[in-house]
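A short reminder: the numbers here are calculations on the coordinates, not readings from a lab. Computed from a predicted structure; not experimentally measured. Backbone-built Cβ (ideal geometry, glycine too); neighbour counts: all protein chains shown.
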Amino acid sequence: MNQTTLTSDLLDDLDLLLDQIAELSHLDCNAAADLLSYELEREGVGHTRMCGSVVQARSGETVFPHCWIELPNGGILDVRLQKYFPYADDVPHGMFWETEAYRYTGAAAFNERIPEELIKEIAS
């Protein structure tokens, strides 16, 4: 796949997309990750759909299963983790780099994405 460089314009578009998906509060993490994956693929942005767990270091609380997107530069895209830690004010959201406060562990999701038609229907 031809990978598009993450230019400032593309990053701005990505921030807007993340905000739009975050507003779709009825989507769980897998559907949000699949929707992000479709849009990134359409823009030619290399990425990996990931599934696994996230541990909050302070409490030891674990969210499993959880899905997110990893970019080739190590960036993480996740707009659903806040759902599982509603009272924490340090939950990463949008596009960010992993921190010690929330540790992501997982593997590439090789299962099929939710069908694009269904994602578009759910997202509208």
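Determine the equivalent ellipsoid of the chain by diagonalising the alpha-carbon gyration tensor, then write out the semi-axes as square roots of 5 times the eigenvalues, largest first, rounded to whole Å. Mind showing how you got there, number by number?
Values: eigenvalues 99, 54, 41 Å².
Its equivalent ellipsoid spans semi-axes of 22, 16, 14 Å.
Placing pseudo-labels 7 Å out from each Cα toward the beta carbon at LEU10 and ASP90 gives an inter-label distance of 3.2 nm.
Using C-alpha pairs under 8 Å with a sequence gap of at least 6, the mean separation divided by the residue count of the chain gives a relative contact order of 27 percent.
Mind checking the full-extension length gain between ASN111 and GLN20? Use 0.36 nm per residue of separation minus the Cα-Cα distance, one decimal, nm. Display every interim value, and only then the final one.
Values: separation 91, 0.36 × 91 = 32.76 nm, distance 2.46 nm.
So the extension gain works out to 30.3 nm.
Please give the calculated 222 nm ellipticity per residue for the chain, where each DSSP H segment of at least 4 residues contributes -39500 (n - 2.57) and the sum is spread over every residue; nearest 500 deg cm²/dmol? That comes out to -10000 deg cm²/dmol. Arranged from fewest to most other beta-carbon atoms within 10 Å of their beta carbon, LEU11, LEU81 become LEU11, LEU81. Sorting LYS120, LYS83 by the number of Cβ atoms found within 10 Å of their own Cβ, with the fewest placed first, yields LYS120, LYS83.
Would you order ILE122, ILE21, ILE114 from fewest to most other beta-carbon atoms within 10 Å of each residue's own beta-carbon? All intermediate terms of the calculation are to be shown ahead of the outcome.
Numbers: ILE122 14, ILE21 21, ILE114 17.
The order, fewest Cβ neighbours first, is ILE122, ILE114, ILE21.
Distance from the C-alpha centroid of the range 50-123 to that of the range 6-26: 15 Å, rounded to the whole angstrom. What residue among ASP78, ASP89, ASP19 shows peak mean-square fluctuation when the chain is described by a Gaussian network model with Cα springs under 10 Å? Looking only at ASP78, ASP89, ASP19, the largest GNM fluctuation is found for ASP89.
Using a simple spin-label model with pseudo-atoms 7 Å out from Cα toward Cβ, GLU100 and ASN73 lie 2.5 nm apart.
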